[in-house]
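Peer 1: Here it is, the structure in full.
Computed from the coordinates by the stated procedures, all read-outs in this text should not be read as laboratory data. Computed from a prediction, not measured in an experiment: that's the story for all the values here. Backbone-built Cβ (ideal geometry, glycine too); neighbour counts: all protein chains shown.
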Amino acid sequence: MTGIRRLVSDGELRANAELAAEIWREHFLSIITPEQIEFMLEQFQSFEAMKRQIQSEDYEYYGFFADGVQQGYFAVADHGDGTLFLSKLYLRKEVRGRGYASQMFEEVKRIGHSRGLSSVWLTVNRHNDGSIAVYRHWGMEVIRDQVTDIGDGFVMDDHVFSLEL
């Protein structure tokens with residue numbers, strides 16, 4: 001049995017941060033340095049970062065569960081501009097390729113539709129070829145490229161993808 005549910009308790013968010021660290025340390029090693037992975041985990045994927053994003057940046061976190069075990073998560077933010085920002089969408093390596101990411105993305109679109117938003121958008125590292133292929137498969141299109149200084153000498157070199165809802 002699979003399902004998606006919103007993560008709200010500290011315990012759920014702590015478990016989500018642990019899952020994030022597991023996924024990031026596996027997935028991003030071929031894309032960015034280990035030092036940047038650790039920096040970004042602390043800044044954007046830690047329990048403290050998630051709490052801050054929820055409290056002051058209008059983020060919502062959702063867990064994806066299969067057979068009662070959390071296998072992935074995503075986060076969205078509605079900043080009031082008529083669009084939905086998909087900040088995170090990650091799955092454990094061993095469950096990729098089973099259509100779970102597509103189920104998660106369908107929920108993201110449902111959230112956007114239910115709020116009357118015009119599009120969903122995200123950023124993805126320009127060298128993250130696997131994820132880029134998935135986003136293109138879902139009908140998303142690159143609307144621009146951006147380089148963002150995130151501190152400590154690190155940058156995010158991203159495509160910005162968007163999909164009209």
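Peer 1: Could you please give the count of residues in segment 6-40 that are closer than 18 Å to Gln53 by Cα and outside any helix (DSSP H, G or I)?
Peer 2: Matching residues across segment 6-40 total 4.
Here is a yes/no grid of residues against (1) farther than 16 Å from Leu13 by Cβ; (2) of a type outside the set (Val, Ile, Thr); (3) under 16 Å from the mean Cα position of the chain (by Cα); (4) surrounded by 13 or more Cβ atoms within 10 Å (Cβ to Cβ):
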site	(1), (2), (3), (4)
Ser30	yes, yes, no, no
Pro34	yes, yes, no, no
Leu41	no, yes, yes, yes
Ser56	no, yes, no, no
Ala66	yes, yes, no, yes
Gly80	yes, yes, no, no
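Peer 1: Is there a residue in segment 100-120 that is part of a strand (DSSP E or B) and under 21 Å from Arg5 (Cβ atoms)?
Peer 2: Yes - at least one qualifying residue is present in segment 100-120.
Peer 1: A further question follows. Looking only at residues that are under 15 Å from the mean Cα position of the chain (by Cα) and of a type outside the set (Ser, Thr, Tyr) in segment 141-165, which one is farthest from Glu38 (Cα to Cα)?
Peer 2: Phe161
Peer 1: If you take the residues in segment 5-28 that are in contact with a Gly (Cβ under 7 Å, 6 or more places away or on another chain) and either among the aromatic types (Phe, Trp, Tyr) or touching a residue at least 60 places away in the same chain (Cβ under 8 Å) (or both), which one is surrounded by the fewest Cβ atoms within 10 Å (Cβ to Cβ)?
Peer 2: Per the stated criteria, the residue is Arg5.
Peer 1: Which residues, taken from segment 41-66, are of a type in the set (Val, Ile, Thr) and part of a strand (DSSP E or B)?
Peer 2: None - no residue of segment 41-66 is of a type in the set (Val, Ile, Thr) and part of a strand (DSSP E or B), so the list stays empty.
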